[in-house]
1. What is the sum of charges, Lys and Arg at +1 and Asp and Glu at -1, for the other residues whose Cβ falls under 9 Å from the Cβ of Y37?
2. Name the residue farthest towards the positive end of the dipole of the chain from the options A59, F26, T13, assuming +1 on Cβ of Lys and Arg, -1 on Cβ of Asp and Glu, about the Cα centre.
3. Provide the gained length on full extension for the span E68 to K29, in nm with one decimal, where the gain is 0.36 nm per separating residue minus the Cα-Cα distance.
4. Give a residue-ordered list of calculated ³J(HN,Hα) values for the range 15-27 (Karplus: 6.51 cos²θ - 1.76 cosθ + 1.60, θ = phi - 60°; whole Hz; x for Gly, Pro).
5. Once you charge only the Cβ atoms, +1 for Lys and Arg and -1 for Asp and Glu, what is the size of the charge dipole of the chain about its Cα centre, to the nearest 20 debye?
6. For P(r) over Cα pairs in 10 Å bins from 0, in percent, pick the label among (i) 18, 45, 29, 8; (ii) 20, 56, 13, 8, 3, 0; (iii) 21, 51, 20, 8, 0 that corresponds to the value derived from the coordinates.
7. Using θ = phi - 60° and the Karplus relation 6.51 cos²θ - 1.76 cosθ + 1.60, list the HN-Hα couplings for the range 56-64 in order, rounded to whole Hz, with x at every Gly or Pro.
8. Ignoring ligands, DNA and RNA, what accessible area per residue does the range 5-70 give at 1.4 Å, in Å²?
Amino acid sequence: MRDNKDLKLAWETPDLAAGTTVDVQFHVKSADKTIIYVNHMRIRKREEADVLRASWGAALDKLKVALEAK
């Protein structure tokens, strides 16, 4: 992890893409805007990738709504 830049974590969910790695990067664009990139690596099955892509998208959408409400 680099302070205020990124973090990496091990994904350990037995029923979905177990043993994979997630890399989250934060890019500050301005005082009130930060872009977040999520890269979930080493996914072996297309079906798992599709589920995870949708799940990460939904999670980031919820985060955006929560932060913009403040």
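1. Cβ neighbours under 9 Å give a net charge of -2.
2. The one lying farthest along the dipole's positive direction is F26.
3. Computed gain between E68 and K29 is 12.5 nm.
4. 8, 8, 6, 4, x, 9, 10, 10, 10, 10, 10, 10, 10
5. Roughly 200 debye for the chain.
6. Read-out from the structure maps to (i).
7. My calculation for the range 56-64 gives 5, x, 5, 5, 5, 4, 5, 4, 4 Hz in order.
8. Ligands and nucleic acids excluded, the result is 79 Å² per residue.
The values are calculated or read from the model by the stated rules, or taken from the named source; none is laboratory data. Not measured: the values here are computed from a predicted model. Here Cβ is always computed from backbone atoms with ideal geometry, including for glycine, and neighbour counts include all displayed protein chains. Side chains included, ligands, DNA and RNA excluded: accessible areas come from the protein's heavy atoms. Shrake-Rupley method; radii C 1.70, N 1.55, O 1.52, S 1.80 Å.
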